[in-house]
Amino acid sequence: MPKTLHSKFTTAMISRALSNRTEAVTYRDTEVSGLVLRVGPRSASYYLEYKPTGFREDGRQFPTKKIKIGTTASHSPAEARNAAARLKVEVSGGGDPAADKKAEKRARAIEDARATTMQDAVEAYIASSVSGSRRHITTESGALRNGLKEMQAEGMSPVEVTVQDVLRMLDKNKGRACAVHRLGAMSRFFDDLVLRDVVPSNPCKKIPKRLRPSPPASRTRVYTAEEVRSLWNTNGLSELQLRFLQTLIVLPLRFNELCELRANEVQLAKLKLELPGKKTKNGDAFAMPLPKMATDLLVSSAHAEDPRVFPMSAVGKEYTSWTSFKKKVRKGSGVDDFRFHDLRRTFMTVLADQGIGDPSVADALLNHRQSATKAGVIAAYNQAALWPQKVRLMNAWAALLSNALDQGEWTSEAGVVPLRASELR
């Protein structure tokens, strides 16, 4: 705790206090009660400590408050004492100068925020409040900036934005999945403004239910064995791109997780892949068994300057050309509606169709945290890693893939044995 000394504030006393500032010291004036000087290595300021008059609702006194008077540079001891005396008169009359000062500061902040444009307010919000993964930040920021343009509200003050402006944005995206994203991002932005008293209400929440965009229907695309064989042999890709695509077919990872995979996260000797929580969508650390089919694909030339297994972009830069990559795959494979995420759905569906394994094990290999298989009591009590079951399931999937690549058929023949229910407990 800082040292506390009592002394009459004089010019000489202040000079002595400022000459020795190796530690924080609080000085209390013996002339005016409540007047204090706090001297530290970088600052020296006067404060008045006081208790507001009256009592709280529970009958107790108000806690001690403090209000800054000034610094030793702005106030002499006599000036600080006079300022403290004036504040004490205000307190004795029922005033609360610290609360008043805080309210004035807040009012100025609100006034400044209301005077700014939507363009500036959105950029300030993105800089201070949008957080999470790089992908989320990019998506949220893009939805806000694009939505703002579509509302034609860049130069408006936040308090001027109406429901009609939000509807203008939604009309421009009618029937598109991005309408849901735009409305969600804009609503979160206005929630922040409401919380800070910049606007009285959130116009996004006043949109009638019948005019709100519906979430897009869940995709159901599952690839046939012939299509998987075509994807495996896609033409027009570089060796690195083809190896990346083939690895996604074997391992049901998210494409951005695989793209950022480091060599030290792959344990080929143990046939195991491990991702830290900061690199997964749900923030949970994740481990996946590696079938032997994946080991040749994961051998990399990673080095100290670029430790990634799949260096799809320049060192230190995030790979962002997913749309271009997807178009190349569609053209080179003949699978005109190819999407990366459909590979994960194919993994889950084909195993179920073949009667192989348990859905909860397959789901765990997709690293889903909040699926139906992990809900309620199960989520609280079942903390099993299911590693042996995962190993058998990944090996079974690799055998299915090998047969699909050879014969163009999904079949549980060729050494794929359905896992018994007893093996899953």
* **Condition check for residue 414: aliphatic (A, V, I, L, M), assigned to a loop (DSSP other than H, G, I, E, B) and either modelled with pLDDT under 70 or surrounded by 14 or more Cβ atoms within 10 Å (Cβ to Cβ) (or both)** => yes
* Would you mind stating whether residue 304 is free of Cβ contacts under 8 Å to residues at least 40 places away in the same chain and surrounded by fewer than 19 Cβ atoms within 10 Å (Cβ to Cβ)? => yes
* Return a yes/no flag: does segment 289-297 have any residue that is free of Cβ contacts under 8 Å to residues at least 40 places away in the same chain and small (Gly, Ala, Ser). => no
* Those residues of segment 150-178 which are under 25 Å from residue 112 (Cα atoms), open to solvent by 80 Å² or more (accessible area, probe 1.4 Å) and not polar (S, T, N, Q), in sequence order -> 160
* To do: Return the total of residues in segment 287-299 being open to solvent by 10 Å² or more (accessible area, probe 1.4 Å), under 25 Å from residue 404 (Cβ atoms), at pLDDT 85 or above and not acidic (Asp, Glu).
  => 4
* Asked: Of all the residues that make up segment 125-149, how many are over 29 Å from residue 279 (Cβ atoms) and either exposed (fewer than 15 other Cβ atoms within 10 Å of the Cβ) or modelled with pLDDT under 95 (or both)?
  -> 1
* Got at least one residue in segment 140-159 being acidic (Asp, Glu), closer than 24 Å to residue 218 by Cβ and out of contact with any Cys (no Cβ under 9 Å at 6 or more places or on another chain)? -> yes
* Asked: In segment 107-124, how many residues are closer than 14 Å to residue 193 by Cβ and either of a type in the set (Val, Ile, Thr) or at pLDDT below 90 (or both)?
  -> 10
* Asked: Would you say residue 92 is more than 28 Å from the chain's Cα centre (by Cα) and open to solvent by 40 Å² or more (accessible area, probe 1.4 Å)?
  -> yes
* Asked: Listed residues 273, 237, 251; which is modelled with pLDDT of 95 or more and in contact with a strand residue (DSSP E or B) (Cβ under 7 Å, 6 or more places away or on another chain)?
  -> 251
* Structure fact -> Residues in segment 130-167 that are aliphatic (A, V, I, L, M) and not in a helix (DSSP H, G or I) total 4
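The values are calculated or read from the model by the stated rules, or taken from the named source; none is laboratory data. If you're wondering where the values come from, they're calculated on a predicted model, not measured in any experiment. Cβ sites come from the backbone with ideal geometry, for glycine too, and all protein chains shown count toward neighbours. Please note that ligands, DNA and RNA were not included when accessible areas were found on the heavy atoms of the full protein model with its side chains. Shrake-Rupley method; radii C 1.70, N 1.55, O 1.52, S 1.80 Å.
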